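**Q** Before I ask anything, let me first share the structure, which is written out below as structure tokens.
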Amino acid sequence: MRYAVLSDIHSNLVALEAVLGDISEAEIDRYLCLGDLVGYGARPNQCCDMIREFDAVGVRGNHDEAAVDPGRAEWFTAPARYCILWTREQLRPDNLDYLANLPAVEILDDMTLCHGSIPDPGHYTVTAEDALLSFDAMNTSITFFGHTHYAEWFMSQQNGELPTEYPLPTGGRLTLEDGCRYLVNPGAVGQPRDVNEQAAYAIYDDETGEIELRRVHYEIEKAALQMKEAGLPDSMYARLWRGV
């Protein structure tokens, strides 16, 4: 089976449409979504609708949770908090209900899906030490996670040493090895932060054991204009061009 793995869409409909267009040529059987469908961007309902239409297996991110739980936004920066409060007002009741019922962790076959880490959806897995938190908690050979907006993967070492980190900001391929365990971040669809402004996602083929991390060009100007017209903070769309 071939899976499309998406994360951190962040209400960026333009980026999501570009990614789905790229996926349409890849013969995908199932869609996986690692959270943060909403927040930052100007099209929260449309992005939720698309992911629901594909019947994606999903987990909730911290922005999804803040959209349905007013207290969660207190931990955000001022611009991010403004965006999530705006998002909460825009979301239809059915999409609010959808986000509220997403699980924190989902296990599908030999895969674990989470947002930041398995023990804590809000934890940023950016170092080998961070990766250990999920490796110690996982009962599958592979975990897909997001939250950092960095495209990369970690491989667990069998000799007790720290996991090995492999950043892939321009995309690349990973072939799973028998007996090894992996954490894979497909990068962000809607707001990449690995100094590559292109939308990111991954394709996983469980028969060949190959994972491809892909980057897709999208019309940043169009996404930024939508955010500007919605009255969202300019700092949230100015960073789209920089990939940070």
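**Q** Per DSSP H run of n ≥ 4, the term is -39500 (n - 2.57); total these for the chain, divide by its residue number, and report the mean residue ellipticity at 222 nm rounded to 500 deg cm²/dmol.
**A** One gets -8500 deg cm²/dmol as the mean residue ellipticity at 222 nm.
**Q** Cα gyration tensor of segment 12-151, axes a ≥ b ≥ c as square roots of the eigenvalues: rounded (a/c below 1.5), prolate (a/b > b/c) or oblate?
**A** Since a/c reaches 1.5 but b/c is at least a/b, the shape of segment 12-151 is classed as oblate.
**Q** Tally Lys/Arg at +1 and Asp/Glu at -1 over every other residue whose Cβ is under 13 Å from the Cβ of E65; what's the total?
**A** Every neighbour counted, the sum reads -2.
**Q** May I pose another question? Could you give the distance between the Cα centres of segment 188-244 and segment 2-80, to the whole Å?
**A** Cα centroid to Cα centroid, the span is 11 Å.
**Q** How charged is the neighbourhood of R81? Take every other residue with its Cβ under 11 Å from the Cβ of R81, and add Lys/Arg as +1 and Asp/Glu as -1.
**A** Surrounding charge for R81 is +1.
**Q** Could you grab the relative contact order for the chain? Cα pairs under 8 Å, six or more apart, rounded to a whole percent.
**A** 23 percent
Since every read-out is calculated from the coordinates, none of them should be taken as a lab result. Since this is a predicted model, take the numbers as computed values, not measurements. With ideal geometry, Cβ positions are generated from the backbone for all residues, glycine too; neighbour counts draw on all protein chains shown.
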